[in-house]
Structures are given as structure tokens and as C-alpha cells.
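Derivation of every value follows stated rules applied to the coordinates shown; laboratory data play no part. Keep in mind that this is a model prediction, so the values were computed, not measured. Quick reminder, even Gly has a Cβ in these numbers, built from the backbone with ideal geometry, and neighbours come from all protein chains shown.
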Amino acid sequence: MRRKTFDKLQEWKDTSNGKSALLVRGARRVGKSYIVEEFAKQCYKSYILIDFNLADEQVRDMFIHDLNDMDTFFLKLSTLYNTKLYERESVIILDEVQLFPRARSAVKYLVADGRYDYIETGSLISIRKNVENILIPSEEDKLDMYPMDLEEFLWALGDETMYPLIVNCFDKKKPLGQALHRKAMNLFRQYLIVGGMPQAVEAFVQSKDFDKVDRAKRRILDLYRDDIRKHAGSYAMKVEAIFDELPSQLSNQNRHFKLSSIDQGARFDDYRDALFWLSDAMIVNNCYNSTEPNVGLNLNRDRTLLKCYMADTGLLISHSFDENGIVSEEIYKKLLLDKLEVNMGMIIENIVAQMLASRGHKLFFYANSDRENKDNRMEIDFLIAKSKISNRHNISPIEVKSGKNYTLSSLNKFRSKYAEQTHIPYVLHTGDLAEKDGITYLPLYMAGLL
């Protein structure tokens with residue numbers, strides 16, 4: 001599986017030159033260990049991978065007692081793993097480092113020694129608990145890894161030409177044309193229902209069998225439930241309740257997460273840690289209401305009104321249709337042909353959230369439920385800020401439309417009320433690219449280019 005993370009690893013290696021370690025973070029089964037080891041194989045003379053899921057007491061003991069004598073530390077490590085280390089030509093991988101925080105703390109001294117490079121991998125599950133009593137190294141760069149994006153998915157299918165065309169049309173603001181747009185939408189729907197978890201993509205590429213794809217995704221969902229029960233501590237029941245409730249919450253008309261559906265009378269403070277745990281684990285993408293859409297979206301964040309999207313839309317589909325333990329081939333085919341009579345809005349909005357998050361956007365929306373003035377009453381699905389902030393026109397409102405017939409009343413209200421703040425209004429829809437009345441209409445498969 002070709003991943004863009006590989007290029008980012010190479011960039012880190014070239015710029016760091018041994019002055020910092022790299023922590024690659026991401027959800028379980030997103031492909032962190034695989035791509036880091038592939039990078040080590042291709043870009044170093046030798047490497048040692050220490051998997052803290054498997055590392056025995058002898059290996060762990062070295063990080064506690066031998067760091068004051070680096071020569072002995074590396075001799076022991078080289079012998080235990082039967083691998084010769086070469087100065088400035090070898091890398092040591094600390095895999096699932098959050099399971100042994102003392103190794104993460106040791107990075108400070110290993111980097112200072114300067115002989116080798118260091119890459120850590122880990123999910124952020126129980127990260128707060130696992131850093132309470134250690135020194136977080138300042139010599140640590142961080143790289144977040146997400147499920148495969150649309151371009152990586154197309155690479156896996158062996159398609160090297162479609163995405164460059166999509167980028168070209170986006171840059172020039174030109175439509176693809178009927179035939180190519182239809183092909184791009186068909187590929188996008190495949191990505192939508194398979195998702196970006198490497199095991200699911202591999203199953204699809206090898207078999208084109210949706211039963212096998214669904215089983216791969218269901219194994220990941222089971223792993224997430226096991227992780228919740230194992231690592232979420234005293235609020236595991238609340239985390240699992242939120243996790244199980246995600247599909248029904250997203251099927252609500254406005255997608256807002258209503259805690260009252262889990263526990264009548266529940267307050268945000270009661271579930272805050274549980275919501276943040278899922279976000280830290282990168283199982284979900286939280287999207288917050290920005291009450292005043294201007295330069296600093298985060299400055300006006302309402303932490304109590306949020307949407308909670310699954311980080312991978314393929315997993316959301318398996319999570320949503322699980323009454324019989326597996327999503328049938330028939331349901332997948334109807335999703336592929338856009339013939340399934342379900343609330344597609346939640347699925348489409350989730351994939352847009354996923355594509356924006358993997359692009360590096362923090363997720364925000366705008367909601368105003370003013371009961372007295374209907375001109376103020378509106379909801380915008382997403383807000384993004386320009387990369388270079390100017391005095392005016394910094395915020396782009398984004399409306400996501402899953403059907404062919406839709407209105408834009410909220411978007412027009414937003415443009416009127418926040419004319420000074422509005423940059424480019426976008427509508428993401430199933431149609432081709434178009435520009436009309438100051439609004440840019442983009443096909444859904446271009447969401448990751450914003």
C-alpha cells in the first residue's frame with residue numbers, strides 16, 4: 001500500500017538529521033507500523049523494531065537501567081535483535097510506544113546521543129494516563145496518520161490518472177465533463193463504502209467481495225471495542241455508550257450529539273472525558289460549533305455543542321448496519337449505485353469530515369437557533385479558514401448536499417450576515433464543478449482539495 005506518510009517520513013529524515021525523534025500517531029489499524037517499517041527497510045542500512053506489545057522484560061529493563069551507559073545499551077539491543085547498527089545509517093523503531101511510557105521518556109537521551117534515528121508509533125489511546133509520570137521529550141516531532149485518502153485508495157486500485165485530472169480541474173475551476181465525472185463519482189462511492197483502513201482496502205482490491213471487506217472492517221470495530229474496555233478506565237462504559245450511539249446520532253437531522261439519548265439528564269461535563277478519549281484515540285473526528293465565524297474559529301468554540309463523526313466512513317457503514325452481524329452484499333451494491341433508501345446525508349457528511357480532517361483542518365460548523373429572528377436562524381455544515389489570514393474575507397462556509405434537489409437558505413443567510421468574513425462559499429454535491437452567483441459548486445470527490 002502506497003502511502004503519503006512515506007514522503008513525510010523522508011522529509012523528516014532529511015530535515016531532522018538526527019536532531020529529533022518522530023512520533024507517528026494514529027488510530028489502531030491505520031497502517032502506522034507497516035509504513036514505518038517499510039520506510040526503515042528502504043531508507044536505512046539497518047533497523048531494529050521494538051514492538052512493546054511483544055517486548056519482554058529484558059528489553060523493557062534496558063530503558064530503565066542502561067541509559068546511563070549508551071555503549072552497553074546499544075550493544076545489548078543489537079545482540080537481542082541480532083542486528084548490526086551503523087552510526088547515522090540505522091533507525092530504531094519504538095512501536096506502540098504508549099504501552100511503555102519509559103521508552104518515550106528515554107527519547108530525550110537517545111536523541112542527545114546522536115548515533116541513530118528514532119521513530120515512535122502509537123495510538124493516543126489512554127495517552128493522558130500514560131504520560132502522567134514521565135518527561136515528555138521536547139526532541140520529538142509529531143506526525144498524525146489518517147485512514148487512506150481518496151488518492152491513496154485510487155493508487156491501491158492501480159489508478160494513477162484519475163486524481164491528477166481531479167486536481168487539475170479543481171485548480172483551473174473547470175468541470176470534468178459528464179463521462180469522466182460519472183467515472184470519478186463511481187470511484188468515490190467505492191471509496192465511501194470501503195473506507196480507508198488498509199485491511200479493508202486490501203480485501204477489496206484482492207477480491208472485490210464486499211462480504212470480505214465488511215468482515216475486515218468488523219474486526220477493526222471489535223478491536224476498538226476491546227480497546228475501550230481495556231484502556232478507557234473508569235469511564236469505559238460511557239465511551240462505549242457514545243461509540244455505539246454514533247450512527248443514530250449522525251442520522252439526526254442536524255447531526256448534533258445529544259447526550260440525553262444516552263442518559264436522560266446527562267450533562268456535558270459527565271461525558272467530556274469519554275468524548276475526548278475517542279478523539280484522542282483518533283476513532284472519531286469531533287466538530288465544534290464556532291459561535292462567531294471570524295479569524296479565530298477556535299477562539300469562539302462552543303465545547304458543549306458538537307458533532308461526532310467516525311474517523312473512517314467505511315467503518316461507519318459497517319457500524320450502522322450491524323443488526324445481523326454483517327452488512328449484506330446487497331446493501332453494499334445499493335450504496336454503490338446510490339439506490340439505498342437510507343439517510344445518505346449522514347454518510348456523505350461523514351466522508352467530507354474525514355477528507356477535511358486528513359487535509360489538516362480542525363473541524364468547525366456554525367449553528368444559530370435564534371427563535372425570535374428567522375434571518376439569524378441557520379446551520380452551516382463546515383467552516384474552514386484561509387491558510388493566509390487577511391483583514392477580511394477569511395472564512396469559507398461549506399454546505400454538503402447528498403441529493404440532487406436542495407435549497408441553500410442557510411448559506412445565503414450566512415453570506416448576508418457575515419459578508420465581511422466570508423471568503424469563498426462552497427457547496428459540495430453529487431454534480432460536476434460549477435460557479436454560479438458567487439458560490440463554487442464542487443463534486444464531493446474534491447472535498448480533500450479544500
Check your understanding: Where nothing but the Cβ of Lys and Arg (+1) and of Asp and Glu (-1) is charged, how large is the charge dipole of the stretch 5-144 around its Cα centre, in debye to the nearest 20?
Key -> 300 debye
Revision key, fill the gap. Once E89 and N186 are pulled to full extension, the length gained, defined as 0.36 nm per residue separation minus their Cα-Cα distance, is 30.4 nm
Review point. Taking only the alpha carbons of the chain, what extent do you get along each of the three principal axes, in Å, biggest first?
Key: 71, 54, 51
Exercise for review: At 7 Å along the Cα-to-beta-carbon direction for both Q58 and Q206, put a label point, then send me their distance in nm to one decimal.
Suggested key: 3.4 nm
Review point. Among 79-85, 98-104, how do they line up from the highest to the lowest mean number of other beta-carbon atoms within 10 Å?
Key: 98-104, 79-85
**Study point:** Dipole magnitude of the stretch 379-443, debye to nearest 20 (Cβ charges: Lys/Arg +1, Asp/Glu -1, about Cα centre)
**Key:** 160 debye
Check your understanding: Looking at L49, V194, L306, which one has the Cα that reaches farthest to the positive end of the dipole of the chain (charges on Cβ: Lys, Arg +1; Asp, Glu -1)?
Key -> L306
**Study point:** Under-5 Å amide H pairs with L23, H placed in peptide plane, nonlocal only
**Key:** E120, D141, K142, L143
Check your understanding: By per-residue mean of other Cβ atoms within 10 Å, what is the highest-first order of 433-439, 193-199, 269-275?
Key -> 193-199, 269-275, 433-439
Check your understanding: How big is the charge dipole of the stretch 164-449 about its Cα centre, in debye rounded to the nearest 20, if each Lys and Arg gets +1 on its Cβ and each Asp and Glu gets -1 on its Cβ?
Key -> 920 debye
Exercise for review: Could you tell me which of M378, G438, V352 has its Cα farthest along the dipole of the stretch 164-449 towards the positive end, charges placed at Cβ (Lys, Arg +1; Asp, Glu -1), taken about the Cα centre?
Suggested key: G438
Revision key, fill the gap. Each label sits 7 Å from Cα toward the beta-carbon; between Q10 and D338 the label points are separated, in nm, by 3.7 nm
Point to revise | Point-to-point label distance, K436-N294, nm (Cα→Cβ direction, 7 Å offset) | key: 3.4 nm
